[in-house]
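Heads up, the thing below is written out as structure tokens.
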Amino acid sequence: MNFPDFSLQKGEHWLLLGQSGSGKTTLLHLLGGLLSPSSGSIQIENTELGQLRASALDQFRGKNIGIVFQKSHFVRALSIGENLALAQQLAGLKPNRERIIELLERLNIGDKFRLKPDRLSIGEQQRAAIARALVNQAPIILADEPTSALDDHNATEVINLLEEQASALGSTLLVVTHDKRLKDRFPNQIAL
Amino acid sequence: MTLLNLSWKNLSNKPLTMLLSLVLFALGVGLISFLLLINHQISEKFEKNLAGIDLVIGAKGSPLQLILSSMYHIDAPTGNIPIKGVMPYLNPKNPFIKAAIPLSLGDSYRGYRIVGTTANFLELYQAKVRTGRSFKGLMEVLAGATAAQELGLKVGSTFQSSHGLIEDENLVHEGHAFKVVGIMQPTGASVDQLLLTPAQSIWEVHEHAGMGAAPAVEEPEEAEHEHDDEEHAAEDSIAENHAENTEQVNGIALTNQEEDHQNDDEAPHDHEDEHQLKSILEYPDKDITALLLQFNGHNITTLNLQRMINQNTSMQAATPAIEITRLYSLMGVGQDALRWLAFIIMGVSGLSIFISLFSSLRDRRYELALMRTMGASPGKLFAMIIMEGLLLAIFGYLIGLAISHGGMELLAGEMKAAYRYTFTGRTFLLEEAYLLLGALAVGFVAAVIPAIQARNTDISETLAEG
């Protein structure tokens, strides 16, 4: 699989479009440091991902990259609040209850703090997943098909939230999708 | 959130799966701990009761039965032997014998055994009198601590014995009241459960009730004594401070009689002499049930004594240590079977932990990959799964110990009723600490393969599967 060279400026919002099987998810995993490229390089700010040791990469990812997946998954044994706290802890940060509650409230799911993930609707789960991606104020937010499982109403809401929150944090946002509904939302687009 | 906390939440999120693993684990641990407990306590009891006895002489029959009935007081007594036959061993001048304690068994009071014996029985078990004094006269009883407590006996209490070892109103020896003159300190040995009285009391009760094996021919003098005794018993005047009959048979006297001899000079010889009992050596035609022997060191004579008695007399001699070893090996078969069963249950519980962790991993693959994307290192996932295995092991271990010690406490009540032996669940053994290590090892081994799998989770592949 080959990908064209591209670079994103800090704080920009981009859409990565492509058909199924075009390697969108693979590219996203490369960018997120979940896969390592067989050739070429990925740089975030001044860090070359390929040169980080495994454990350093885990730490780097936890701190700097927030990822939203197509289907929202959580640690099922933990409540939404605990899941977010876990995200903070695994990134090596101190759990910050106020920040979690504030974030959940901003995403309109403040009342779900104590609930287990499977008690939330799909739309609520996706919001909680966004909250988790944002909780560490990561400079980079990657979203893999964040809307494809959602109906029009929820899809619009989720993408709005992503844009709003990324803007609020000044984070760089890259949404990977084949969802035609999003095509007109982003002026910056890469097609595979 | 600590790793421990996370592991615990993962486990408690599936309570039924956890319960199954825990129950199996607790069962295995409980069974092993229970075996350890009961083994330890039984051998402790047996050893305490060995009391340095080298040989037991009794009627022919099962040597194990002879040992159990005469030393541990848990089996039915064997038949009787005539004192004539054991005279040489009762003789305190016998250079090979350190102590010889005659026992007359077979009667009881409300399930507690009455033992007719001599005063050196107390020395054997290092038993001390707590209140009152030791038995001296006919029908006097020195009660063991437990027996006194359970039967509500105090110094001065009287009771009537019954024939045999079970409570049966039809078998009560009427008209012969025993009188408690003292109560012993607890020793932890079987003597706590006994009611001790001079051997003569047992003969008294039996001969006049027409039971037991009274000798066909009695010396006239003996008959007279017996008669006197009976009279006094009837008058309920079992008294103290009676002088002893000075008569000595061929210079033979038992240790318990020696101090009585000293009284000879002080006390006038009135016709109440008979209450100060004569040495049982003076009753060659009477019977006893068993004779406990302690040797003065071991030599050729004492080594040959057992064989000599077994071959040349109508009695048998048994060595307690050998019989107890034999008993252990008999019980050992059952114990071994139970122990293997316990290990198999432990193995199965380890397998159940393995299977539950392994199958939960399949459900949690995505979760694990997610944790990796959030910054968890592979080592952290490994540790989390290992911790889950160890947590199950620790909880299983604790529940298992609770079961075994609780069960032991319950059983202790039953055992007390059945054997008059006290067991307790409120004691912990060093072996149980090793058992904890074993339990942790099982938990670790069961978790290690799932943990390796968790560590090797391919994040990208798993996440791509959705």
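The values are calculated or read from the model by the stated rules, or taken from the named source; none is laboratory data. Just so you know, these numbers come straight off a predicted model, no measurement behind them. Cβ atoms come from the backbone with ideal geometry, glycine included; neighbour counts cover every protein chain shown.
Per-structure values
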quantity: Only listed residue being away from chain A (no Cβ under 14 Å), within 30 Å of B:N456 (Cβ to Cβ) and not hydrophobic (A, V, I, L, M, F, W, C), chosen from B:G375, B:G347, B:G379; calculated: B:G347
quantity: Number of the condition not met by B:R372 [criteria: (1) more than 38 Å from the chain's Cα centre (by Cα); (2) free of Cβ contacts under 8 Å to residues at least 12 places away in the same chain]; calculated: (2)
quantity: Set B:L27, B:L16: member being farther than 24 Å from B:G144 by Cα and out of contact with any helix residue (DSSP H, G or I) (no Cβ under 9 Å at 6 or more places or on another chain); calculated: B:L16
quantity: Extreme residue, nearest to A:I67 (Cα to Cα), among residues of the stretch A:106-165 that are free of Cβ contacts under 8 Å to residues at least 40 places away in the same chain and polar (S, T, N, Q); calculated: A:Q137
quantity: Residues (within 14 Å of another protein chain (Cβ to nearest Cβ) and either of a type outside the set (A, V, I, L, M) or in contact (Cβ under 8 Å) with a residue 40 or more places away in the chain (or both)) located in the stretch B:434-466; calculated: B:A454, B:R455, B:N456, B:T457, B:D458, B:I459, B:S460, B:E461, B:T462, B:L463, B:E465, B:G466
quantity: Close pairs (6 angstrom Cβ cut-off, 6 or more residues apart or separate chains): touching a residue at least 24 places away in the same chain (Cβ under 8 Å) and within 15 Å of B:Y89 (Cα to Cα) in the stretch B:295-320, of a type in the set (D, E) and not in a helix (DSSP H, G or I) anywhere; calculated: B:F295/B:D54
quantity: Number of the condition not met by B:L391 [criteria: (1) under 30 Å from A:V135 (Cα atoms); (2) of a type in the set (A, V, I, L, M); (3) in contact (Cβ under 8 Å) with a residue 40 or more places away in the chain]; calculated: (1)
quantity: Which numbered condition A:R99 fails, given (1) in contact with a helix residue (DSSP H, G or I) (Cβ under 7 Å, 6 or more places away or on another chain); (2) more than 26 Å from A:L28 (Cα to Cα); (3) more than 8 Å from chain B (Cβ to nearest Cβ); calculated: (1)
quantity: Residue within the stretch A:117-134 that is part of a loop (DSSP other than H, G, I, E, B) and over 16 Å from the mean Cα position of the chain (by Cα) present; calculated: yes
quantity: Qualifying residues in the stretch A:76-87 (those that are more than 7 Å from every other protein chain (Cβ to nearest Cβ) and touching a Pro at 6+ places or on another chain (Cβ under 9 Å)) - the one farthest from A:V175 (Cα to Cα); calculated: A:S79
quantity: Residue within the stretch B:422-433 that is within 14 Å of chain A (Cβ to nearest Cβ), surrounded by 14 or more Cβ atoms within 10 Å (Cβ to Cβ), within 38 Å of the chain's Cα centre (by Cα) and part of a helix (DSSP H, G or I) present; calculated: no
quantity: Candidate set from the stretch B:169-194 (those that are among the hydrophobic types (A, V, I, L, M, F, W, C) and part of a helix (DSSP H, G or I)); member that is surrounded by the fewest Cβ atoms within 10 Å (Cβ to Cβ); calculated: B:L171
quantity: Test: B:A369 is away from chain A (no Cβ under 14 Å) and among the hydrophobic types (A, V, I, L, M, F, W, C); calculated: no
quantity: Selected residue (criterion: modelled with the highest pLDDT) from residues of the stretch A:37-59 that are of a type in the set (A, V, I, L, M) and touching a Ser or Thr at 6+ places or on another chain (Cβ under 8 Å); calculated: A:L49
quantity: Top-ranked residue of the stretch A:168-192 - restricted to ones that are assigned to a helix (DSSP H, G or I) and in contact (Cβ under 8 Å) with a residue 24 or more places away in the chain, ranked as nearest to the chain's Cα centre (by Cα); calculated: A:L169
quantity: Answer residue from the stretch A:138-154, given it is within 14 Å of chain B (Cβ to nearest Cβ) and part of a loop (DSSP other than H, G, I, E, B) and is modelled with the lowest pLDDT among those; calculated: A:A149
quantity: Exclusive hit being out of contact with any Leu (no Cβ under 7 Å at 6 or more places or on another chain), within 14 Å of chain A (Cβ to nearest Cβ) and modelled with pLDDT of 90 or more, set B:L4, B:L27, B:L19; calculated: B:L4
quantity: Some residue of the stretch A:56-69 being in contact (Cβ under 8 Å) with a residue 40 or more places away in the chain, under 25 Å from B:L11 (Cβ atoms), touching a helix residue (DSSP H, G or I) at 6+ places or on another chain (Cβ under 6 Å) and of a type in the set (A, V, I, L, M, F, W, C); calculated: no
quantity: B:G406 assigned to a helix (DSSP H, G or I), buried (at least 20 other Cβ atoms within 10 Å of the Cβ), at pLDDT 90 or above and among the small types (G, A, S); calculated: no
quantity: Matching strands (runs of 3 or more DSSP E) fully within the stretch B:123-168 where at least 1 residues are buried (at least 23 other Cβ atoms within 10 Å of the Cβ); calculated: B:140-143, B:158-163
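Residue by residue, here is whether (1) in contact with a Lys or Arg (Cβ under 6 Å, 6 or more places away or on another chain); (2) under 26 Å from A:H13 (Cβ atoms); (3) within 14 Å of chain B (Cβ to nearest Cβ) holds:
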| site | (1), (2), (3) |
| --- | --- |
| A:S38 | no, no, yes |
| A:R61 | no, yes, yes |
| A:K71 | no, yes, yes |
| A:F74 | no, yes, yes |
| A:K94 | no, no, yes |
| A:L103 | no, yes, no |
| A:N108 | no, yes, no |
| A:I122 | no, yes, yes |
